[in-house]
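Remarks on the structure that follows.
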Amino acid sequence: MKKKIVDKIIHIKNSNSRIKLGIIGITSVILCFVVVMFAFNTFAAQRNTAKEVTQESTEQKKLSTEIAVASSFTTDDPLLEETVAETEAETEAETEEPTTPPVEIIAVENLKISTTDLSVPEPVKPAAEIVNEARVEAAPSVNNEITKLVYGIDISKWQGTNIDWAAVKADGIDFAIIKMGGRSTGSTGELYEDSCFQRNIEGALANGIQVGVYFFSQAINEQEALEEASMVIGYISKYKITYPVVFDWERGKYLENGIWIPYRVNDANVSNDELTRIVKVFCDTIGGNGYTPMVYFNRSDWDNSVNGAELTSKYKTWLAVYWSDYINQVINDKNRYDASTQELPSFKYSYQMWQYTSSGKVAGISGRVDMDIAFFTYANYKVDTSPVQLNVPSKEITVDVGTAIDFMAGVSAKNSIGYDATSAITLSIIDSENSDVSSDSSWSTNHPGVYKLYYRYTDPTGEKKEVVVTLTVRDKSIVAPTVAPTVAPTVAPTVAPTVAPTVAPTVAPTVAPTVAPTVAPTVASTVAPIAAPTESTMTTN
């Protein structure tokens with residue numbers, strides 16, 4: 001009995017030991033699972049944190065390229081310049097990354113583009129565009145002070161062909177929005193290039209001024225908007241465009257020979273929805289090809305001609321509102337925006353650029369010019385430069401009088417940013433009396449003499465190049481036959497043929513035939529026959 005009890009106790013102990021071991025094993029498994037899950041959750045949390053940081057960094061970078069104010073300008077909005085920090089790799093990128101997928105464009109050669117500039121005179125500004133209103137003032141705060149306002153201009157052929165871009169840069173202009181071209185205001189609506197586009201964009205770039213471009217649109221349907229965007233992309237592809245590519249659609253009229261001529265869009269009955277779609281086609285095509293699109297309207301058109309809320313939320317916005325005191329030049333002699341006031345026009349949407357007058361004054365530009373301020377810019381901006389070149393095929397040219405010459409054949413130039421500048425070369429033709437005969441280039445080749453050809457090129461930076469070529473025009477009928485052929489042929493042929501043939505044939509034939517035949521035959525035949533017959537007769541008798 002006692003043994004059974006002992007055995008029972010031992011059995012219970014053994015059972016308890018196995019139970020304890022089982023519990024320990026299960027506990028160990030659970031603990032391991034908890035540890036594994038904790039490690040997994042920790043890793044996942046770290047990964048999510050890294051992802052959130054990356055997303056935050058990306059969002060921050062994206063936000064850094066936007067307007068300094070996130071919504072409409074109010075008294076709470078800062079007026080600080082927004083600068084986009086770029087890495088070395090980003091410096092090479094010409095534009096912001098497109099936010100829309102690539103859009104197929106029409107090749108330039110398939111577009112019908114006029115060979116002449118069809119720009120019309122500056123339109124009359126709508127009354128709604130010129131205002132005398134209470135300003136929107138920023139709250140006076142040290143954090144709200146403008147550290148450096150970004151001043152800019154927008155220009156076209158109406159500012160002339162002789163802009164001194166070095167002087168423009170020195171006068172504090174940071175950017176220029178340059179007219180690339182437009183669609184004519186006539187009923188046919190032909191596309192055209194601004195006649196000063198190449199000169200202006202290369203002049204600005206060469207002097208370190210950041211550039212964007214605008215297209216003066218008269219599109220009345222989406223197909224025309226696609227044509228316009230395609231033309232712009234084709235013409236700007238070789239340039240470093242950092243500022244936006246702008247869609248500028250305007251109603252208006254201009255005075256011609258005393259008659260007011262309306263724009264083609266005035267009576268086209270384009271609805272708000274239609275114009276909004278037209279804008280979107282242009283901007284999405286621009287954005288889909290690597291450039292930053294922007295939309296320009298005066299405040300009246302923003303309010304009444306398009307869906308302003310939709311467009312301003314999707315694209316950069318350029319607002320035209322002219323304050324009367326800037327138009328009338330009562331602020332300062334240059335009509336430069338007075339940043340100390342921190343005043344801005346009221347607008348129910350956000351905007352990133354403001355055109356505040358058409359009567360600005362900038363060094364290097366004769367006459368008045370549109371003035372703008374932007375609330376964004378791009379840091380680390382650099383344009384690669386190269387030596388200015390002016391090349392001619394030869395510095396000595398010799399031709400016969402009357403020979404047609406193309407004085408520009410083989411002549412070329414490159415500007416300081418590496419673009420062909422041959423069309424900007426000037427030529428002066430100076431004769432031996434130091435008179436300029438350039439007005440008729442054929443005159444020199446039709447008049448014998450020695451001329452100097454002065455080829456000159458002035459780079460947009462102000463650097464000058466000059467090459468002098470000597471042109472000799474010979475008179476074939478006087479110079480060549482008289483000097484060379486006259487001396488040699490006259491002496492040799494005249495002396496040799498005259499002396500030799502005359503002396504030799506005359507003396508020798510005359511003396512020999514005359515003396516020999518005359519003396520010998522006469523004496524022999526006369527004397528001999530007479531003597532012989534006489535003696536014979538006398539002997540016979």
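The values are calculated or read from the model by the stated rules, or taken from the named source; none is laboratory data. On a predicted model such as this, the values are computed, not experimentally measured, just so you know. Note: ideal-geometry Cβ built from the backbone for every residue, glycine included; neighbour counts use all protein chains shown.
Observations on the model:
- Among the residues of the stretch 290-325, those identified as assigned to a loop (DSSP other than H, G, I, E, B) and either over 24 Å from the mean Cα position of the chain (by Cα) or at pLDDT below 95 (or both) are Gly290, Ser305, Val306, Asn307, Tyr315, Val321.
- Restricting the stretch 333-354 to residues that are polar (S, T, N, Q) and farther than 17 Å from Tyr315 by Cα, the residue that is surrounded by the fewest Cβ atoms within 10 Å (Cβ to Cβ): Ser340
- The stretch 385-411 - residue that is under 17 Å from the mean Cα position of the chain (by Cα) and hydroxyl-bearing (Ser, Thr, Tyr) and, of those, surrounded by the most Cβ atoms within 10 Å (Cβ to Cβ): Thr385
- Meets criteria (part of a loop (DSSP other than H, G, I, E, B), surrounded by fewer than 23 Cβ atoms within 10 Å (Cβ to Cβ), touching a residue at least 40 places away in the same chain (Cβ under 8 Å) and assigned by TED's automatic domain parsing to the domain that holds Ser187) for Gly234: no
To keep it simple, each residue is scored yes or no on (1) of a type in the set (S, T, N, Q); (2) at pLDDT below 90; (3) within 17 Å of the chain's Cα centre (by Cα).
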{"residue": "Ile146", "(1), (2), (3)": "no, yes, no"}
{"residue": "Ile155", "(1), (2), (3)": "no, no, yes"}
{"residue": "Trp165", "(1), (2), (3)": "no, no, yes"}
{"residue": "Asp174", "(1), (2), (3)": "no, no, no"}
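- Residue match in the stretch 379-400 (condition: in contact with a His (Cβ under 8 Å, 6 or more places away or on another chain), modelled with pLDDT of 90 or more, over 22 Å from Gly462 (Cβ atoms) and not hydroxyl-bearing (Ser, Thr, Tyr)): no
- Check on Arg264, among the basic types (Lys, Arg), crowded, with 19+ Cβ neighbours inside 10 Å and outside any strand (DSSP E or B): no
- Screening the stretch 237-261 for residues that are under 23 Å from Ile113 (Cα atoms), aliphatic (A, V, I, L, M) and out of contact with any Lys or Arg (no Cβ under 9 Å at 6 or more places or on another chain) and picking the one that is surrounded by the fewest Cβ atoms within 10 Å (Cβ to Cβ) gives Ile241.
- Annotation note: of Trp260, Trp249, the sole residue that is aromatic (Phe, Trp, Tyr), farther than 20 Å from Ser156 by Cβ and over 18 Å from the mean Cα position of the chain (by Cα) is Trp260.
- Residue count, the stretch 424-449 (criterion: surrounded by fewer than 13 Cβ atoms within 10 Å (Cβ to Cβ) and closer than 15 Å to Val399 by Cβ): 2
- The conditions of being in a loop (DSSP other than H, G, I, E, B) and crowded, with 22+ Cβ neighbours inside 10 Å are not met by Ala204.
- Matching entry among Ser435, Ser412 (being in the same structural domain as Lys464 (by TED's automatic domain parsing), within 19 Å of Glu466 (Cα to Cα) and modelled with pLDDT of 95 or more): Ser412
- Matching entry among Lys280, Lys240, Lys316 (being in contact with a Leu (Cβ under 9 Å, 6 or more places away or on another chain), closer than 21 Å to Lys179 by Cβ and not aromatic (Phe, Trp, Tyr)): Lys240
- Of the listed requirements (1) buried (at least 18 other Cβ atoms within 10 Å of the Cβ); (2) more than 23 Å from the chain's Cα centre (by Cα); (3) not basic (Lys, Arg), Tyr214 misses just one: (2).
- Scanning the stretch 372-384 for residues that are more than 22 Å from the chain's Cα centre (by Cα) and under 16 Å from Ile178 (Cβ atoms) yields a single hit, Ala374.
- Residues (under 19 Å from Gly418 (Cβ atoms) and touching a strand residue (DSSP E or B) at 6+ places or on another chain (Cβ under 8 Å)) located in the stretch 186-212: Phe197, Asn200, Ile201, Ala204, Leu205, Ile209, Gln210, Val211
- Matching residues in the stretch 437-462 - criterion: being more than 35 Å from the chain's Cα centre (by Cα) and either β-branched (Val, Ile, Thr) or closer than 30 Å to Lys169 by Cβ (or both): Thr445, Val450
- Number of residues in the stretch 449-473 that are under 14 Å from Ile425 (Cα atoms) and either touching a His at 6+ places or on another chain (Cβ under 8 Å) or of a type in the set (S, T, N, Q) (or both) equals 1.
- Index of the failed condition, Gly186 passing every other in (1) small (Gly, Ala, Ser); (2) modelled with pLDDT of 95 or more; (3) surrounded by fewer than 20 Cβ atoms within 10 Å (Cβ to Cβ): (2)
- Yes/no for Tyr315 being in contact (Cβ under 8 Å) with a residue 40 or more places away in the chain and of a type outside the set (D, E, K, R): no
- If the condition is being hydrophobic (A, V, I, L, M, F, W, C) and part of a loop (DSSP other than H, G, I, E, B), then the stretch 348-385 contributes Val362, Ala363, Ile365, Phe375, Phe376, Ala379, Val383.
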